[in-house]
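Participant: Have a look at the structure that comes next, please.
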Amino acid sequence: AYGVNYEMGIEYFLNSNFSWGLNTAFFWTNFYTVKVTDGISTEVKKLGREDNINVSNVNLTTGLRYYINK
């Protein structure tokens with residue numbers, strides 16, 4: 001499976017030691033085949049168009065950072 005990942009962030013310095021940051025990320029991919037095993041034999045199954053497994057996500061984070069040596 002092929003995938004796409006985008007990520008972008010910004011950081012604002014409140015003063016010389018503290019900053020506030022905001023980050024957003026987007027990950028997109030689908031699985032079209034799965035490997036099924038029963039412990040003895042393994043079989044690769046192709047999924048139908050409506051059965052594809054979507055593992056995409058959007059991630060938003062924010063945080064406060066302290067710089068020690070500034």
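Participant: Pick from segment 18-40 the residues that are at pLDDT below 95 and of a type in the set (S, T, N, Q): which of them is farthest from Ala1 (Cα to Cα)?
Facilitator: Filtering first and then ranking leaves Thr37.
Participant: A further question follows. Looking at Thr62 and the list (1) surrounded by 11 or more Cβ atoms within 10 Å (Cβ to Cβ); (2) modelled with pLDDT of 95 or more, which single condition is not satisfied?
Facilitator: (1)
Participant: When segment 1-29 is examined, which residues are found to be of a type in the set (S, T, N, Q), part of a strand (DSSP E or B) and either touching a Cys at 6+ places or on another chain (Cβ under 6 Å) or in contact (Cβ under 8 Å) with a residue 24 or more places away in the chain (or both)?
Facilitator: Residues satisfying the conditions are Ser19, Asn23, Thr24, Thr29.
The values are calculated or read from the model by the stated rules, or taken from the named source; none is laboratory data. Since the model is a prediction, treat every value here as computed from it, not as a measurement. Cβ coordinates were reconstructed from backbone atoms using ideal geometry, including for glycine residues, and neighbour counts include every protein chain displayed.
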